[in-house]
There are 2 protein chains.
Amino acid sequence: MDSGAIGVGIIGLGTVGSGVVRLLEDAPTSMRRREHVEFSIERIAVRDLSKERDVEIDPAKLTDDPTAVLDDPNVQLVVELTGAEPAYEWVRGALERGKDVVTANKALLAERGEELYALAREKGAELLFEASVAGGIPIIRSLRNGLVANRVESLYGILNGTTNYILTRMTRGEGGYDEILSDAQAIGYAEPDPTMDVSGRDAAQKLAILSRIAFCCAGTGSDVFCEGIEEIESSDIDYARQLGYVIKLLAIAKRSGESVEMRVHPAMVPADSLLANINDEFNAIEVVGSAVGNQVFYGKGAGQMPTASAVVSDMVAVVERKADGAGPAVGDMVLGQEALPVAPVEQIQMRYFLRMQVCDLPGVLEHIARILAGEEISIASVLQKERDVDGGLVPLVIVTHEAREESVQRALDAIASVEAVQGAVRLIRMEEL
Amino acid sequence: MDSGAIGVGIIGLGTVGSGVVRLLEDAPTSMRRREHVEFSIERIAVRDLSKERDVEIDPAKLTDDPTAVLDDPNVQLVVELTGAEPAYEWVRGALERGKDVVTANKALLAERGEELYALAREKGAELLFEASVAGGIPIIRSLRNGLVANRVESLYGILNGTTNYILTRMTRGEGGYDEILSDAQAIGYAEPDPTMDVSGRDAAQKLAILSRIAFCCAGTGSDVFCEGIEEIESSDIDYARQLGYVIKLLAIAKRSGESVEMRVHPAMVPADSLLANINDEFNAIEVVGSAVGNQVFYGKGAGQMPTASAVVSDMVAVVERKADGAGPAVGDMVLGQEALPVAPVEQIQMRYFLRMQVCDLPGVLEHIARILAGEEISIASVLQKERDVDGGLVPLVIVTHEAREESVQRALDAIASVEAVQGAVRLIRMEEL
């Protein structure tokens, strides 16, 4: 082991792990000229020892036992990059041994963050996670440090590249949901099982991590109200365009009294807003701070090298603090009694886009309008298209003024039981940003 | 003085200084709950002791002698917010006394950064400057830390809010340069003497500060090739629109072999690029990194509270490092032998938009085309409008393929001496981003 270098153990040598190894080998001047920044990879745990690697690794350093990495006395810093199931045990194990941890594991931090941050603080170890949200965009350190003097009022994120890619191509008229999802799978932009991405759960986990920093909110990924893009049809996108909007899968957190709204769902956003113009697989986060006003951070939210860039930036932060004799900076992540709760989704207020198929009969619109009025939902505009070629059904689109989620849900139940309304009522929430 | 608090001395209680005082008084939870983060304002130097202030200050803490702030034994951290002339003496004086410094003074750091960073390192003092570039956007720490594992290839900034406001309104057809500049002065978006902003020098200083971090480039603000927006006419903006471009005052730095291109000038950027859509007084910085690819940071680049937010974030960084017993983190800012030089502007290659008034006679276009060909400048497109109502002059617009700056300048000299060409030839550089 190089004298002065920090001993690194890596768990997981997949895409991101290989990227990290490559960045450490081929460090740019900006990194090489930093004092104290020297790493020595001591041990790497992999699933399959016989697999060919696209980075050169001394085979003696490979092991298929993650515990061997944790127990290696030369390993001071554990880099967990598996995203696999027992990651919790490995991260916990490293912290319990007083070793610093850098991880890209969003699920772990979104669900068990409080426990792990508290353990790190207790053990005097660092736990950093820039790569867990929005890949190479330095959003975690920007929120924790750059915007520390701000009370964050709201945060809007396009945090999932797969769904943004699909929606962008649908918006460009390049196909329907199923077709573009297949394309995305073919080029590796979507997983063989795309559920985590298209359901919004991936974005929900990232939102939970950001909300802990931005709002001292204790909500986990599972606490986030979550609706995916699976039901979005090309006609929704067309209607959005007619109304001056674009549909994005938004992750939204907002201060609401002494609680925090947290939700992930497809949202119509104004076509001339910055977020409406974040396309393809890119991510963006808009933060509204009490002092700075609106800020947007934009970049690649996934991929080998952007994610590896974030991991290595955390590794540099660990080694620089250690060299200075500083303790871990994890204290602010432990919320304890100060945590704000998640606001019940029923109480959220916003504008709604409603689309349904109705029989072209007199009195139908009046009936539906009466139901909405009964829930104190006022109508901002109505679009009624010409009669469909077959069946005598016409599409009816209603845009509401600001209304409460629970009122809208009750109205939808009532509308669904109107005989002239055929099939489900589509609901898309609207965000003016 | 509060026990445990760090003693702060402020030089300058203008707009930003008052904002800092207000943020410290009314710190958000995110800041209050950080360990060790406690400030005690010990001394404030102002120009006029009798002036009414919009923040409450114990009059005993005010002085009109900045040296009294430096010499106060309770002051450990000096916050320099004057932007006024002897700021160099004050910053130097604070560092020489081993006191940490936070400053928003871009001119100072752009011109004398190397000397001051080296002094800070020698004295074991911190010198932080997030507020010197792009107000509340945490671009300095993002480049220094978040993107540390990247070799930055290029950086494009809209770094001056005043000129972006003027160009945005001109692009919206709301008036000519002089008219909108007057409006901007009336609402405080432009100074009574707007030279620093409209000439591009303000942006050039900010570019020098960013380039030191991003490229290890030693160029000062004065080394940046600089052209302002004073000559931009509404017709340039109209032509840009016809060609699918928007005119922005861009600050550009690019790696070019073992040197760095640095320039500030009006540039045509593609209308669908993110930077083309940064409007009004907002700033944005696009960074292209070897690992992360393209990233954009967007927000308010000036104003009381955004700038104060950046100052306070630096103050928090200082106090947290001190509490941890860590030394200053200024070492990476001292370039020494590793500094890259600024590339000569003559050798830069890009596309050019040329506009001139010519007599509507046979052979004129041929003559001009021959001059360009002689300099190996090839023409991408020509726009020739209909004859003007008076004088028999027609506007001629030529867009070139990529060409060398020095060739274009020689061609312009030759074109200017063509008899059929009336008045000066307008040149606007084009950036594809």
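Every read-out reported here was derived from the displayed coordinates using simple, explicitly stated rules and does not represent laboratory data. Bear in mind that the values here come from a model prediction, so they are computed numbers and not experimental data. Cβ: placed from backbone, ideal geometry, glycine included. Neighbour counts: every protein chain shown.
Considering all projection directions equally, how large on average is the shadow of the alpha-carbon convex hull of region A:139-300, in square nanometres? Walk me through the numbers before you get to the answer.
Numbers: hull surface 37.0 nm².
Approximately 9.2 nm², given one-decimal rounding.
Order the peptides B:250-256, A:372-378 from the highest to the lowest mean number of other Cβ atoms within 10 Å of their residues. Kindly include the intermediate steps, with their values, before the conclusion.
Numbers: B:250-256: 23.9, A:372-378: 15.3.
The densest-packed peptide leads the list: B:250-256, A:372-378.
Per-residue Cβ counts within 10 Å, from other chains only, averaged over B:304-315: what number is that? Let's see the in-between values first.
Details: counts 1, 7, 6, 2, 3, 11, 5, 1, 4, 10, 4, 2.
Whole-number average of other-chain Cβ neighbours for B:304-315 is 5.
So what are the radius of gyration and Dmax for the Cα set of region B:175-219, in Å?
Every Cα atom of region B:175-219 included, Rg and Dmax give 14.3, 41 Å.
Just for region B:203-334, what percent of DSSP beta bridges are antiparallel, to the closest 5? Display every interim value, and only then the final one.
Numbers: 20 of 22 bridges.
In region B:203-334, DSSP labels about 90 percent of beta bridges as antiparallel.
Which three lengths, in whole Å and largest first, does region B:298-341 cover when its Cα atoms are put on their principal axes?
Result, largest extent first: 38, 35, 14 Å.
Hey, what angle do you get for helix B:304-323 against the long axis of chain B, alpha-carbon based, 0 to 90 degrees rounded to 10?
On a 0 to 90 degree scale, this one is about 50.
What does the net charge come to around A:Pro344 if you take all other residues with beta carbon closer than 12 Å to its beta carbon, with K and R at +1 and D and E at -1? Intermediate results must be reported in sequence, preceding the final value.
On the way: positive: A:Arg263, A:Arg404; negative: A:Asp223, A:Glu261, A:Glu346, A:Glu405, A:Glu406.
Neighbourhood net charge equals -3.
Suppose we look only past 21 Å in the calculated P(r) of region B:301-432. What percent of the Cα-Cα pairs does that tail hold?
When every Cα pair of region B:301-432 is considered, 60 percent fall beyond 21 Å.
Quick one: of B:Lys254/B:Lys300; B:Lys248/B:Lys385; A:Lys248/A:Lys385; B:Lys99/B:Lys254; B:Lys123/B:Lys206, which pairs are farther than 29 Å apart, Cα to Cα? All intermediate terms of the calculation are to be shown ahead of the outcome.
Working: B:Lys254/B:Lys300 24 Å; B:Lys248/B:Lys385 24 Å; A:Lys248/A:Lys385 24 Å; B:Lys99/B:Lys254 35 Å; B:Lys123/B:Lys206 25 Å.
From the list (B:Lys254/B:Lys300; B:Lys248/B:Lys385; A:Lys248/A:Lys385; B:Lys99/B:Lys254; B:Lys123/B:Lys206), the Cα-Cα distance tops 29 Å for B:Lys99/B:Lys254.
For region B:157-214, run through the trypsin sites (Lys or Arg not before Pro) and keep only the ones in DSSP coil with at most 14 other Cβ atoms within 10 Å of their Cβ. Provide the component values of the computation, followed by the final result.
On the way: sites: B:Arg169, B:Arg172, B:Arg201, B:Lys206, B:Arg212; in loops: B:Arg172.
Here the sparse-neighbourhood loop sites are B:Arg172.
Under 11 Å from a point placed 7 Å out from the Cα of B:Ala380 along the Cα-to-Cβ direction: which residues of region B:227-262 have their backbone N that close?
Residues passing the 11 Å test: B:243-245.
Sort B:Leu207, A:Leu62, B:Leu155 so the one with the fewest other Cβ atoms within 10 Å of its own Cβ comes first. Let's see the in-between values first.
Working: B:Leu207 33, A:Leu62 18, B:Leu155 25.
With the sparsest Cβ surroundings first, the list reads A:Leu62, B:Leu155, B:Leu207.
Please list 3J(HN,Hα) in residue order for region B:159-172, calculated via the Karplus relation 6.51 cos²θ - 1.76 cosθ + 1.60 where θ = phi - 60°; whole Hz, with x for glycine and proline.
So the Karplus estimates, Gly and Pro as x, are 10, 10, x, 4, 5, 5, 4, 5, 5, 4, 5, 5, 5, 7 Hz.
Express the relative contact order of chain B as a whole percentage, based on alpha carbon pairs under 8 Å and six or more residues apart in sequence. Intermediate results must be reported in sequence, preceding the final value.
On the way: 905 pairs, mean separation 70.2, N = 433.
This gives 16 percent for chain B.
If r is the Cβ-Cβ distance from B:Val418 to B:Asp178 and R0 is 30 Å, what FRET efficiency results, to the nearest 0.05? Don't skip to the answer; put the middle values down first.
Numbers: r = 30 Å, r/R0 = 0.99.
Computed FRET efficiency for B:Val418 and B:Asp178: 0.50.
Provide the descending list of Cα extents for region A:12-144 along its principal axes, expressed in whole angstroms.
Sorted largest first, the three principal extents are 37, 34, 26 Å.
Can you divide the C-alpha Rg of region B:112-170 by 2.2 N^0.38 Å and report the result to two decimal places?
It is 1.47.
Which far-off residues, 5 or more places away or on another chain, put their amide H under 5 Å from the one on B:Arg151, with H placed in the peptide plane?
Result for B:Arg151 returns B:Ser290, B:Ala291.
Which aspartates and glutamates, on any chain, are close to A:Lys51 with Cα under 17 Å apart, when same-chain ones fewer than 8 places away are left out?
Correct list for A:Lys51: A:Asp64, A:Asp65.
Compute the FRET efficiency between A:Ala339 and B:Arg404 as 1/(1 + (r/R0)^6), taking r as their Cβ-Cβ distance and R0 = 45 Å, and round to the nearest 0.05.
Values: r = 60 Å, r/R0 = 1.34.
So the FRET efficiency works out to roughly 0.15.
Could you work out the percent of alpha carbon pairs in chain B separated by over 31 Å, rounded to a whole number? Intermediate values should be presented prior to the final figure.
Numbers: 42352 of 93528 pairs.
So the portion of pairs separated by more than 31 Å is 45 percent.
Residues with amide H under 5 Å of B:Glu38's amide H, sequence separation 5 or more or different chain, H placed in the peptide plane at 1.01 Å from N; which?
Under 5 Å from the amide H of B:Glu38 lie the amide H atoms of B:Ile6, each far enough along the sequence or on another chain.
Could you give the dipole magnitude of the protein assembly as shown about its Cα centre, charging the beta-carbon of Lys and Arg +1 and that of Asp and Glu -1, in debye to the nearest 20? Before the final figure, lay out each step's value.
Values: 82 positive and 136 negative charges, 153 e Å.
About 740 debye.
Let me know the charge dipole size of chain A about its Cα centre in debye, to the nearest 20, where only the beta-carbon of Lys, Arg (+1) and Asp, Glu (-1) is charged. Walk me through the numbers before you get to the answer.
Details: 41 positive and 68 negative charges, 216 e Å.
Dipole of chain A, to the nearest 20 debye: 1040 debye.
For the protein assembly as shown, take every pair of Cα atoms, bin their distances at 20 Å starting from 0, and report each bin as a whole percent.
14, 42, 34, 10, 0
Quick check on the protein assembly as shown: helices-only [θ] at 222 nm, where DSSP H runs of length 4 and up contribute -39,500 (n - 2.57) each and the sum goes over total residues. Nearest 500, please.
On the way: 26 runs with 284 residues, N = 866.
It lands at -10000 deg cm²/dmol.
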